[in-house]
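Chemist: Quick one: the structure is below, questions incoming.
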Amino acid sequence: MISVTEVDTYDAGIAWDRYVLNHSMASGYQLMGWRRVVEKAFGHRTFYLMARDQQELVRGVLPLVFLSSRLFGRFVVSMPFVSYGGLLTDTLEAQRALLETATGLATNLRATHIELRHQRLLNLDWASKRHKVSMRLDLPREYGTLWTRFPSKLRSQIRRAQKEQLTVRIEGNEILDDFYRVFARNMRDLGTPVYGRRFFEAILEAFPKDARLCVVYLGRQPVAAGFLYGFQNTLEIPWASSDRRFNRLSANMLLYSAALEHACREGFQVFDFGRSTPGGGTSRFKEQWGAQPAPLYWYHWSADGHAVPDLSPKNSRYGLPIQVWKRLPVSLTRIIGPAIVRNIP
C-alpha cells in the first residue's frame, strides 16, 4: 500500500534529497533546493509529492510547480525553466499513486494540464512529445585528449580567441553581474524575455558547490558567458550566451572550450550541452564538439483531453511580439522581461 503526502517539514526534505541522490535515474533538478529557487525567484506555488510504503520507506517523488497568469493560462509543470524533472519512483504502484494525486491536485487548482519533463521513457499512457534532445558528450579524463578529437576548424577558432587576448573566469557570485550583462543582451537580441538576475542568484545560493559561472572577457568587457550546474557525474551548461557585437573574436568557442576543460579537471564524465531541436542550428553547433543527441520525453495530461497550448517562440502568434522585443533597449527588457517569462515554463 502506497501513501502520498506533500513534503512540508525539514525531516521530510532530508528524506527527499537522500532518495534523489541514491536513485540511478535522478536529475539534479529534482533536489529540494530547486523548490527554494522557484519560490524565491518567481513566487510560484510548489507541491512536492512523496510516495511511501507501509514501512514508511520512500518509493517515489514528484516535484510540481503551479504557474498561473491571464496571458498564458494555468498549468502544472515538473520542472519549469529547465529540461528535466518529473517522476522518480521505484515501482509502478508508486508512479500510479503520484500521478493520481497530481491530476487531482491539478483539477483542484483548475489547471488545464500537467507537463512532466523526462530524460527517459516511462511506462505511461499520457500523451508525449519528443521534439527536443539533450546534446551530451562523454568526457575523457584529460582535456588534452578531448582537444585532439576536435575538428581542425574548431581548434583554430579557439586559438583565434586566445590570440585576441580573451580571458576566462570560472567563479560564483563574484561575476554574476558580468554573466547577466551578456545574458540579458543576448536574450533581447533573440527576442526572448529575460529571467531576472535573482533567478541565477538563487541557484548559486542553493547550490554553492554545484553551480558556477563561466565568463569570457575582452579586457574588462564580458563578451560570452555560461551557467554551469553539476550533478553526480554530469556537468551541464543550461544557459549560455555571447555578445554578437564581438562574434569575430570567437568568444563563444573559448567559452565552451573553457567549460569542457573545467569539466575534465573536476572529474565529470559527461558534459550536457543542454536541450536543442534536432537538426537545428544549436544542435549542429554542439555536434561539432562531439556531442550526441539523447531523446527527451515530455509527458502531458490534459483536463479536457485536448492538446496542450504551444508556448514556444515558434508559435506564429508570437512572431510580431518577438520582432518588437528585439528593438527594445536592453535596460527596459531587464525590467519588464522577468514579469513575463516567470509564467513561461
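Chemist: Among LEU87, TRP126, SER156, whose Cα projects farthest towards the positive end of the dipole of the stretch 1-160, with charges put on the beta-carbon of Lys, Arg (+1) and Asp, Glu (-1)?
Modeler: Of LEU87, TRP126, SER156, it is SER156.
Chemist: Right, here's the next one. I need the peptides 327-333, 272-278, 228-234 ranked by packing, meaning the mean over residues of other C-beta atoms within 10 angstrom, with the highest value on top.
Modeler: So the order, starting with the most tightly packed, is 272-278, 228-234, 327-333.
Chemist: For a test of the definition: using alpha carbon positions, the gyration tensor, and the 1.5 limit on a/c, classify the stretch 129-288 as rounded, prolate or oblate.
Modeler: Note, shape of the stretch 129-288 comes out rounded.
Chemist: Below 15 Å, Cα to Cα, which aspartates and glutamates can LYS326 reach? Residues fewer than 8 away in the same chain don't count.
Modeler: ASP189, ASP243
Chemist: Using the charge dipole of the stretch 1-47 (Lys, Arg: +1 at Cβ; Asp, Glu: -1 at Cβ; taken about the Cα centre), state which of LEU31, GLY43, THR5 has its Cα farthest towards the positive end.
Modeler: Selected residue: GLY43.
Chemist: Note down the magnitude of the dipole of the stretch 216-323 about its Cα centre, charges +1 on Lys and Arg C-beta and -1 on Asp and Glu C-beta and zero elsewhere, to the nearest 20 debye.
Modeler: 480
Chemist: Translational diffusion coefficient, Stokes-Einstein: compute it for the stretch 240-345 using the Kirkwood radius over C-alpha pairs as Rh, at 10 °C and 1.306 mPa s, and state it as an integer in µm² s⁻¹.
Modeler: 90
Chemist: May I pose another question? Using a 1.4 angstrom probe, figure out how much accessible area the stretch 189-341 has per residue, in square angstrom, rounded to the nearest whole.
Modeler: About 47 Å² of surface per residue is accessible.
Chemist: Which net charge results for the neighbourhood of VAL324, defined as the other residues with beta-carbon distances under 15 angstrom from its beta-carbon, given Lys and Arg at +1 and Asp and Glu at -1?
Modeler: With Lys, Arg at +1 and Asp, Glu at -1, the net is +3.
Chemist: Still on this model: Over the stretch 17-169, with the other protein chains present, what is the accessible area per residue in square angstrom, probe 1.4 angstrom?
Modeler: Using a 1.4 Å probe on heavy atoms only, each residue of the stretch 17-169 averages 48 Å².
Chemist: How would you classify the stretch 1-135 from its alpha-carbon gyration tensor, with a ≥ b ≥ c the square roots of the eigenvalues: rounded for a/c under 1.5, else prolate if a/b is greater than b/c, otherwise oblate?
Modeler: Rounded, since a/c falls under 1.5.
Chemist: A follow-up question, please. Roll a 1.4 angstrom probe over the protein heavy atoms and tell me the percent of accessible area of the chain that is carbon or sulfur.
Modeler: The C+S portion of the solvent-accessible surface of the chain is 49 percent.
Chemist: Using helices alone, I'd like the mean residue ellipticity at 222 nm for the chain: each DSSP H run of four-plus residues gives -39500 (n - 2.57), total over residue count, nearest 500.
Modeler: Details: 11 runs with 124 residues, N = 345.
Value at 222 nm, helices only: -11000 deg cm²/dmol.
Chemist: Nothing charged except the Cβ atoms of Lys and Arg (+1) and of Asp and Glu (-1): what's the magnitude of the dipole of the stretch 26-124 about its Cα centre? Round to the nearest 20 debye. Write out the running numbers ahead of the final one.
Modeler: Values: 12 positive and 7 negative charges, 91 e Å.
I would put it at about 440 debye.
Chemist: For the chain, with a Gaussian network of springs between Cα atoms less than 10 Å apart, report the residue from GLN119, GLN165, GLN30 with the top mean-square fluctuation.
Modeler: Judging by the Gaussian network model, the answer is GLN165.
Chemist: Calculate the dipole size of the stretch 115-218 relative to its Cα centre from +1 charges on Lys and Arg beta carbons and -1 charges on Asp and Glu beta carbons; express the result in debye to the nearest 20.
Modeler: 560
Chemist: Report the net charge of residues surrounding TYR195, where surrounding means a beta-carbon distance below 11 angstrom and charges are Lys +1, Arg +1, Asp -1, Glu -1.
Modeler: For residues surrounding TYR195, the net value is +3.
Chemist: Put +1 on the Cβ of every Lys and Arg and -1 on every Asp and Glu Cβ in the stretch 197-345; which of ALA294, ILE322, ILE340 then has its Cα farthest towards the positive end of the dipole?
Modeler: Of the candidates, ILE322 comes out farthest on the positive side.
Chemist: I've got another one for you. Could you order the peptides 209-219, 77-87 from most to least packed, using the average number of other C-beta atoms within 10 Å per residue?
Modeler: Top to bottom by mean Cβ count within 10 Å: 77-87, 209-219.
Chemist: Scan the stretch 41-147 for trypsin sites (Lys or Arg not before Pro) in coil per DSSP, keeping those whose Cβ has at most 14 other Cβ atoms within 10 Å, and list them by number. Please report the intermediate quantities before stating the final value.
Modeler: Details: sites: ARG45, ARG52, ARG59, ARG70, ARG74, ARG96, ARG110, ARG117, ARG120, LYS129, ARG130, LYS132, ARG136, ARG141; in loops: ARG70, ARG110, ARG120, ARG130, LYS132, ARG141.
In loop regions of the stretch 41-147 (DSSP not H, G, I, E or B), the sparsely surrounded trypsin sites (Lys or Arg not before Pro) are ARG70, ARG110, ARG120, ARG130, ARG141.
Chemist: Considering only the other residues whose Cβ falls under 12 Å of the Cβ of ASP178, what net charge follows from Lys and Arg at +1 and Asp and Glu at -1? Write down the numbers at each step before the final one.
Modeler: Values: positive: ARG169, ARG181, ARG185, ARG197, ARG220; negative: GLU171, GLU174, ASP177, ASP243.
So the surrounding residues net to +1.
The values are calculated or read from the model by the stated rules, or taken from the named source; none is laboratory data. Because the structure is predicted, anything quoted here is derived from the model rather than measured. Here the Cβ is made from the backbone with ideal geometry for all residues, glycine too, and neighbour counts use every protein chain on show. Each accessible area value is taken on the protein alone, full model and side chains, heavy atoms only, with ligands, DNA and RNA left out. Shrake-Rupley method; radii C 1.70, N 1.55, O 1.52, S 1.80 Å.
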